[in-house]
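Notes follow once the structure below has been shown.
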Amino acid sequence: MARSERSALLLAGLLAAAGVTHFAAPKSYDATIPRALPGSPRAWTYGSGAVELALAAGIALPRTRKAAARAAAAFFVGVFPANVQMAVDWQQRPQPLRTAALARLPLQIPLVLWACGVARNVAHNEEGR
């Protein structure tokens, strides 16, 4: 298996696992939903989990990989406010939890770059045909 294929499938697996956890353990995600968003936090939790599952499926399929990887990059940028909300809300939690919440913030950058790289690899592979 080519390195670019493996990278895409790993990203799809990460998104699928995250999507499943939104449904299996939604309470922890509900707490990260910015209060400014309309509707219930649970609806946003389930909605974002469904989006992650759809992105995973799109990235796993070569025919839809490029568009899905670009959408995943945008999604990772879009959920950043939830990570900020979590860091703010968790300031009164024990130190390890506060540290984990703050550490999540810069982790969005490699996720965005990874998704962009997967999309770019598809584009390069298409040019080489």
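The values are calculated or read from the model by the stated rules, or taken from the named source; none is laboratory data. Just so it is clear, the structure is predicted and the values come from calculations on it, not from any experiment. Neighbour counts run over all protein chains shown; Cβ positions are idealised from the backbone, glycine included. In case anyone asks, the SASA skips ligands and DNA or RNA and just uses the protein heavy atoms, side chains included. Shrake-Rupley method; radii C 1.70, N 1.55, O 1.52, S 1.80 Å.
For the reader, a short list of remarks on this structure follows.
- For the chain, carbon and sulfur atoms together expose 67% of the accessible surface, with a 1.4 angstrom probe and every protein chain in place.
- In degrees, nearest ten, helix 65-78 long axis to first principal axis of the chain (Cα): 20 degrees
- Only helical runs count toward this figure. For the chain, summing -39,500 (n - 2.57) over DSSP H runs of n ≥ 4 and dividing by all residues gives -27000 deg cm²/dmol at 222 nm.
- Computed over the range 47-91, the quotient of the alpha carbon radius of gyration and 2.2 N^0.38 Å is 1.38.
- As a length-normalised measure over Cα pairs under 8 Å and 6 or more apart, the relative contact order of the chain settles at 28 percent.
- Residues of the range 16-117: accessible area per residue with a 1.4 Å probe, Å²: 56 Å²
- Rounded to 10°, Cα long-axis angle of helix 80-89 versus longest principal axis of the chain: 20 degrees
- Taking the Cα centre of the chain as origin and assigning +1 to Lys and Arg Cβ atoms and -1 to Asp and Glu Cβ atoms, the resulting dipole is close to 80 debye.
- Nearest 10 degrees, 0 to 90: helix 41-60 Cα axis against the chain principal axis: 20 degrees
- Semi-axis lengths, Å, the chain, gyration tensor of Cα atoms, sqrt of 5 times eigenvalues: 29, 15, 12
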